[in-house]
Amino acid sequence: MNPLDQQRPETIVSAFTALARSHPGRLALAIQRESWRFGKRYDEVSAGELERDANTFAAALEHHGIQKGMRTVVMIPPGREFCAAIFALLKLGAPPVLIDPGIGLRNLRFAIQQIRPEAFLGIHKAELARRILGWGRDSIRISLTLESLWGRPMGHHSSVAEGGHAKPAPGDLAAIAFTSGSTGSPKGVAFDHGNLCAQADLLKELLGPRAEGPHLVTFPLLLIFAPVLGVTAVLPRMDPSRPSAASPKRLMTASNDYGCRSAFISPALVRKLAAYCRDTASRFSTMERIFSAGAPTDPDVLATFEPWIAPGGEIFTPYGATEALAVSNIGSREILTQTRQETRRGAGVCVGRPLRGIAAAIIPISDQAIQDWGTVPVLAPGEIGEITVSGRVVSREYFNDSEATKRAKIRRSGVNSGPDSFWHRMGDLGYFDDVGRLWMCGRKSHRVVTAARIYFTVSAEGVFNGHPEVSRTALVGIDGAKTVPVLCVELAARKSAGAKRRITKELRALGASCEQTREIRHFLYHGRFPVDIRHNAKIRREELAVWAAKKMGIRKPKAEERTT
């Protein structure tokens, strides 16, 4: 029995402790080895072993001075040690700070400076980089390496194993996770314990009636929730910061070896797996539910991949963000039979209906902070505006960043606390259709405003992405004397100059068939779009806009020169 199905736990770590004690032999982790020496292909860890690891780790951390409330940066690769460290910190009430190293050295320094952590826990390489580059020099008082702690006997006792430590309240800070920074500087999202419990509940709902089946983990954050849900987390050998570079064969082997029933996979990796299955006639024979999240997934990719998973299985594309994981969900059957053609006609991408416990509303587009929800009109179905959400999974604030919090959160006057006391602005534009489904049209910061109209990136790109020789497109605005919409095109294969001229003509014809794209006249071919680190799927349109401006020879004018 899953602890989340019983009495409501105060924290996810108390839920995990209850499960580990009632089912200590249940397999928690299966980690694919780098080399298969002596026939051993995986390192396996039971729930009881992981609980003991966490308690031992907690004792070591406590011995070195880490206490409740100490924000602790964690830089440990996904695996057994990572899980044990996270649960140990949660047991101690010392909020782990999760920063993807792939965001770059400059952003890493900024993130650590923003949070002002008091402790650091990482592999030796990360600790060396921290010292050389000065990360957290003014705030970090305790710095520990995994190598100095892991596997060494600890002669002292920690109160956490017996539950004698101070228990956190649902509203206490539990963890801080940074956004990828794909549309600006990374921001530290503050989660309380109630947020994490609600997210575990929601993930259980997404995974469905057979939620406790083995899960293929390609997204490290899932390692925090899988043990809580009683799910065996199967970790393939891959670099989580480069999902698009993962080996399809290695992932398929790990999935089939353990009979994985579910997986959360980056859209970039879904595309790669779909091509691999099609080209090799290989099948994810037990996979019933695949979730592709982090960026829109092209419907044609879903159509290619769906036949190669378990009979009756489906690919889902949940919508959400680090600040609100997740908001809505839709499956490939509905996409392929009902919404795909609308996407190709410029309607945007359907992201499904809001999940249980999530309220969503569309409000007029604004780049200003909004103080009170009572002053905001809610738009009717069919009207494009900002997507806003409310619910227990939604984070309340960005840590130590009051300005970002003001821009992203709208308070409800008269409601002082709880998940209904504020709405979160997702930063995306969209609308509800007449049957209650949410459609996403693009990031608010990416909209292209010209004298003639407002272009919404995802809506416009959906029209051109249907071309059979196009891998994907990205609409950017070049800010010259007048803003010019430019479509950047990434082709599925290398083409000659003559072929590109033909494709350009065909893309113009596609654009002319849709009211909102018929005025797009400029098409530029890019070898490989810059993308975010976390998912390798979100297109960094700001970088593309700079590249496109240089290609077109357009300089940004002075303010007095600019006209509309």
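The values are calculated or read from the model by the stated rules, or taken from the named source; none is laboratory data. Every value quoted in this text rests on a predicted model; they were computed, and no experiment measured them. Cβ atoms come from the backbone with ideal geometry, glycine included; neighbour counts cover every protein chain shown.
Restricting Ala369, Ala359, Ala321 to those that are modelled with pLDDT of 95 or more, surrounded by fewer than 23 Cβ atoms within 10 Å (Cβ to Cβ) and within 24 Å of the chain's Cα centre (by Cα) reduces the list to Ala359. Among the residues in the range 485-498, are any touching a Pro at 6+ places or on another chain (Cβ under 7 Å) and either at negative phi or surrounded by 13 or more Cβ atoms within 10 Å (Cβ to Cβ) (or both)? No. The number of residues in the range 421-440 being surrounded by fewer than 16 Cβ atoms within 10 Å (Cβ to Cβ) and without any contact (Cβ under 8 Å) to a residue 60 or more places away in the chain comes to 2. Among the residues of the range 429-465, the one identified as under 18 Å from Arg528 (Cα atoms) and either of a type in the set (Asp, Glu) or modelled with pLDDT under 95 (or both) is Glu461. With respect to (1) assigned to a loop (DSSP other than H, G, I, E, B); (2) touching a Leu at 6+ places or on another chain (Cβ under 8 Å); (3) at pLDDT 95 or above, the lone exception for Ile387 is condition (1). Taken over the range 1-15, the residue count meeting the criterion of being outside any loop (DSSP other than H, G, I, E, B) and either of a type in the set (Asp, Glu) or at pLDDT 95 or above (or both) is 1. Of the residues making up the range 55-88, just one is of a type in the set (Asp, Glu) and either over 19 Å from Met238 (Cβ atoms) or without any contact (Cβ under 8 Å) to a residue 60 or more places away in the chain (or both), namely Glu62. The number of residues in the range 502-547 that are part of a helix (DSSP H, G or I), of a type outside the set (Asp, Glu) and under 28 Å from Ser292 (Cβ atoms) comes to 8. Exactly one residue out of Pro354, Pro311, Pro377 is farther than 28 Å from Pro468 by Cα, surrounded by fewer than 21 Cβ atoms within 10 Å (Cβ to Cβ) and out of contact with any helix residue (DSSP H, G or I) (no Cβ under 6 Å at 6 or more places or on another chain): that is Pro377.
Within the range 23-54, the only residue that satisfies the criterion of being out of contact with any Pro (no Cβ under 8 Å at 6 or more places or on another chain), without any contact (Cβ under 8 Å) to a residue 40 or more places away in the chain and among the hydroxyl-bearing types (Ser, Thr, Tyr) is Ser35. Answer yes or no: is there a residue in the range 306-320 that is in contact (Cβ under 8 Å) with a residue 60 or more places away in the chain, outside any strand (DSSP E or B) and not small (Gly, Ala, Ser). Yes, because at least one residue in the range 306-320 is in contact (Cβ under 8 Å) with a residue 60 or more places away in the chain, outside any strand (DSSP E or B) and not small (Gly, Ala, Ser).
Taking the criterion of being of a type in the set (Gly, Ala, Ser) and within 15 Å of Ala347 (Cα to Cα), the residues of the range 461-482 that qualify are Gly462, Gly466. Residue pairs whose Cβ atoms lie under 6 Å apart, separated by 6 or more positions or on different chains, with the first residue in the range 123-149 and in the same structural domain as Gly79 (by TED's automatic domain parsing) and farther than 22 Å from Arg80 by Cβ and the second of a type in the set (Lys, Arg) and in a loop (DSSP other than H, G, I, E, B), are Ser139/Arg116.
Conditions (1) of a type in the set (A, V, I, L, M, F, W, C); (2) surrounded by fewer than 24 Cβ atoms within 10 Å (Cβ to Cβ); (3) not assigned by TED's automatic domain parsing to the domain that holds Gly102, marked per residue:
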| position | (1), (2), (3) |
| --- | --- |
| Lys204 | no, yes, no |
| Pro209 | no, yes, no |
| Glu212 | no, yes, no |
| His215 | no, no, no |
| Pro248 | no, yes, yes |
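Looking only at residues that are charged (D, E, K, R) and at pLDDT 95 or above in the range 27-49, which one is surrounded by the most Cβ atoms within 10 Å (Cβ to Cβ)? In this case the residue turns out to be Glu49.
Contact map, the range 192-205: first residue more than 17 Å from Asp172 (Cα to Cα), second residue surrounded by fewer than 22 Cβ atoms within 10 Å (Cβ to Cβ) and of a type in the set (S, T, N, Q), Cβ cut-off under 8 Å, separation 6 or more or different chains; pairs are Lys204/Asn2. Of all residues in the range 235-284, those satisfying the criterion of being without any contact (Cβ under 8 Å) to a residue 60 or more places away in the chain, part of a helix (DSSP H, G or I), in contact with a Ser or Thr (Cβ under 9 Å, 6 or more places away or on another chain) and among the aliphatic types (A, V, I, L, M) are Leu251, Met252, Val270, Ala274, Ala275. For the range 207-234, the set of residues classified as assigned to a strand (DSSP E or B) and closer than 22 Å to Ala274 by Cβ consists of His215, Leu216, Val217, Val234, listed by residue number.
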